[in-house]
């Protein structure tokens, strides 16, 4: 009879498995709400877990336009990179990544591009 009393607890312990973590953005360049100069921008998004770069996507939103960004895997499997030419204004990078655990997560990184600073040769 005692065997049946502990059966729910035993099943709960045996059925417990580590939770799969979704890919959550932990760092980005530019930073959320950050400011960058106009020109060439090296976009870098770092997640808390490995992502499938080939099945993930980045979309740059600016002045009512949406442009799909060609991203590449970073130095490590938790990073996506892209190179962009940006002009002054407000932008949002909308990201959607497929983590290697099979879960899809989405988010947004808003940032502002300031006019490039021109220095004189005086």
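Being at pLDDT 95 or above and surrounded by 16 or more Cβ atoms within 10 Å (Cβ to Cβ) is the filter here; which residues of the stretch 80-97 pass it?
80, 81, 82, 86, 91, 93, 94, 95, 97
Return yes or no: is residue 110 more than 18 Å from the chain's Cα centre (by Cα) and under 15 Å from residue 30 (Cβ atoms)? Even if it seems obvious, please write down each step before you answer.
Details: more than 18 Å from the chain's Cα centre (by Cα): no; under 15 Å from residue 30 (Cβ atoms): yes.
So residue 110 does not fit the description; no.
Only residues that are over 18 Å from residue 113 (Cα atoms) and crowded, with 18+ Cβ neighbours inside 10 Å: list them for the stretch 59-73, please.
Correct list: 71 only.
Of all residues in the stretch 2-57 being more than 23 Å from the chain's Cα centre (by Cα) and at pLDDT 50 or above, which is surrounded by the fewest Cβ atoms within 10 Å (Cβ to Cβ)?
Looking at the filtered set, the residue picked out is 2.
Can you tell me which residues in the stretch 72-97 are over 12 Å from the mean Cα position of the chain (by Cα), closer than 15 Å to residue 50 by Cα and assigned to a strand (DSSP E or B)?
Scanning the stretch 72-97 gives a single hit, 72.
For the stretch 19-65, which positions are in contact with a strand residue (DSSP E or B) (Cβ under 9 Å, 6 or more places away or on another chain), assigned to a strand (DSSP E or B) and without any contact (Cβ under 8 Å) to a residue 24 or more places away in the chain? Spell out the reasoning first.
At the first step, the residues of the stretch 19-65 found to be in contact with a strand residue (DSSP E or B) (Cβ under 9 Å, 6 or more places away or on another chain) are 20-63.
Then drop every residue that is not assigned to a strand (DSSP E or B), which leaves 25-29, 34-37, 39-47, 51, 57-62.
The answer is 26, 27, 29.
The values are calculated or read from the model by the stated rules, or taken from the named source; none is laboratory data. Remember, predicted model here, so these are calculated numbers, not experimental data. Note that we place each Cβ from the backbone using ideal geometry, even for glycine, and neighbour counts take in every protein chain shown.
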